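Here the structure is laid out as structure tokens; the discussion comes afterwards.
The values are calculated or read from the model by the stated rules, or taken from the named source; none is laboratory data. The shown structure was predicted, so the numbers you read here are calculated from the model rather than taken from an experiment. Here the Cβ positions follow ideal geometry from the backbone for every residue, glycine too, while neighbour counts run over all protein chains shown. Note: areas computed on protein heavy atoms with side chains; ligands, DNA, RNA excluded. Shrake-Rupley method; radii C 1.70, N 1.55, O 1.52, S 1.80 Å.
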Amino acid sequence: MPTTVLVTGGAGFIGSHTCVELLTHGYDVVVVDDHSNSSPHALERVAKTAGRPVTAAYETDLRDRRALNAVFDAHRVDAVIHFAARKAVGESVQIPVAYYDTNVGGTTALLAAMEQHDVRRLVFSSSCSVYGDATKVPLTEADPVAPTNPYATTKLLCERITGDVCRRLPGLSVLALRYFNPVGAHPSGHLGEDPRGVPNNVMPYLAQVAVGRRDRLRVFGDDYPTPDGTGVRDYIHVMDVAEGHRVALEHLDDEHGMRVFNLGTGTGTSVLELLAAFSAACGREIPHEITGRRPGDVPALVADPGAVARAWGWTTRRDLTDMCRDAWRFQELNPSGYPG
Ligand code: UFG
């Protein structure tokens, strides 16, 4: 089993929670993060929450090959978890070249460094957005992929590139995890989602409205073909996502090559249902208004989580109430996010 894990994007939302999960389960963790969308304070919170710090943290862009190779030279890395990427769907439409450059270029640089240093285990952060405008839910890994924006295309390209590298390097084991909508926070309230600027995603936006930083949530469309007309998503607690990565590490050696798994709960929640659950968690009404649809949004994305359950005997443990309670606790304790 791997003992030293290199986590790219380890100071980000999912990365930082995964670092805690790994540290509390005895792994040593090395972080590479350029802090373009994360705070270095997150790693202080990781140490406080886990009771021990990461072994080392490098402020490095993955595309800086010299710096990345120096990280691999300095540590005997057993496995890599690759989160580092740009992830705002709308922005990806505006600046597609930057998305391809960072997400695809970062991944190819990482794969080259791994090959050079004989590192043969990788967990790759993919996305349910690769399914695009799903014609049916729940979605299995066998359903067709059809990205509808550059962000989703970068994730699919990275899956394909990694698959090609697996065919070339028979000893390589890769697990690509297609997350649905990660939300929530560590139950301690020390670690959570702290996006820079105006949040793109519904949960951090809701939390900032609840704490008084924003006036109201705009619900993007109530005329979708869903039970209440608002968009339906499969929200998954970030600690379940973190746990999923730890369990994935334990299964990298099951077989060589590339395997793809959904990471979701199998339960769909509409924006209005999420709003109600969050209001209950924070004990106040959340001001909101219905506005027009957001370009690029799809009506419903829900996972069939069966494949991962069959392969690993693992399922998510936390529900929507847990997600809202923990997201609210972090926001209440850190009304302006991380310091600095
Ligand atoms: N929504 C609102 N108001 C908002 C923000 C979102 O009503 O202010 C609605 C959306 O229309 C959608 C739902 O809330 O129906 C969820 O939207 P998010 O922006 O939170 O998340 P997405 O489903 O758009 O997911 C995208 C990508 C994922 C990625 C995720 C987090 O598709 O791959 O953002 O970056 F993981």
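Some points to look at:
- Matching residues in region 102-132 - criterion: being hydrophobic (A, V, I, L, M, F, W, C) and within 11 Å of the ligand (Cβ to nearest atom): Cys128, Val130
- Meets criteria (at pLDDT 95 or above, among the charged types (D, E, K, R), within 21 Å of the chain's Cα centre (by Cα) and within 30 Å of Thr153 (Cα to Cα)) for Asp78: no
- Residues satisfying the stated conditions in region 245-277, i.e. over 27 Å from Cys19 (Cα atoms) and of a type in the set (Gly, Ala, Ser): Gly268, Ser270, Ala276, Ala277
- Whenever a residue of region 109-130 is of a type in the set (Gly, Ala, Ser), its partners that are more than 16 Å from the ligand (Cβ to nearest atom) and not in a helix (DSSP H, G or I), lying with C-beta atoms within less than 6 angstrom and at least six residues away or across chains, give the pairs Ala109/Leu62; Ala109/Arg63.
- Selection within region 69-83 - open to solvent by less than 70 Å² (accessible area, probe 1.4 Å) and of a type in the set (Asp, Glu): Asp78
- Unique match (being open to solvent by less than 10 Å² (accessible area, probe 1.4 Å) and not polar (S, T, N, Q)) among Ala142, Ala176: Ala176
- Residue in region 267-281 that is away from the ligand (no atom under 15 Å from the Cβ), on the phi > 0 side of the Ramachandran plot and not aromatic (Phe, Trp, Tyr) present: no
- The set of residues in region 189-202 that are open to solvent by less than 40 Å² (accessible area, probe 1.4 Å) and not β-branched (Val, Ile, Thr) comprises Gly189, Leu191, Gly192, Glu193, Pro195, Pro199.
- Cβ separations smaller than 6 Å between residues 6+ apart or across chains give the following pairs from region 190-206 residues that are acidic (Asp, Glu) to residues that are more than 7 Å from the ligand (Cβ to nearest atom): Glu193/Phe13; Glu193/Pro204; Asp194/Gly337; Asp194/Tyr338.
- Among the candidates Arg66, Arg86, residue that is more than 16 Å from the ligand (Cβ to nearest atom) and open to solvent by 30 Å² or more (accessible area, probe 1.4 Å): Arg66
- Within the option set Thr135, Thr140, being in contact with a helix residue (DSSP H, G or I) (Cβ under 8 Å, 6 or more places away or on another chain), away from the ligand (no atom under 16 Å from the Cβ) and not small (Gly, Ala, Ser) holds for one residue only, Thr140.
- The residue that is modelled with the highest pLDDT, counting only those in region 155-211 that are part of a loop (DSSP other than H, G, I, E, B), within 11 Å of the ligand (Cβ to nearest atom) and polar (S, T, N, Q), is Asn201.
- Per-region count, region 1-60, residues assigned to a helix (DSSP H, G or I), open to solvent by 10 Å² or more (accessible area, probe 1.4 Å) and touching a residue at least 40 places away in the same chain (Cβ under 8 Å): 7
- Selection from region 106-118 of residues that are part of a helix (DSSP H, G or I), more than 18 Å from the chain's Cα centre (by Cα) and either surrounded by fewer than 16 Cβ atoms within 10 Å (Cβ to Cβ) or β-branched (Val, Ile, Thr) (or both): Thr108, Ala112, Glu115, Gln116
- Selection of first residues in region 74-100 that are more than 20 Å from Phe180 (Cβ to Cβ) and among the hydroxyl-bearing types (Ser, Thr, Tyr) and of second residues that are open to solvent by less than 20 Å² (accessible area, probe 1.4 Å) and assigned to a helix (DSSP H, G or I), restricted to Cβ pairs under 8 Å at least 6 apart or on distinct chains, gives the following pairs, ordered by first then second residue: Tyr99/Ser92; Tyr99/Thr154; Tyr100/Thr154.
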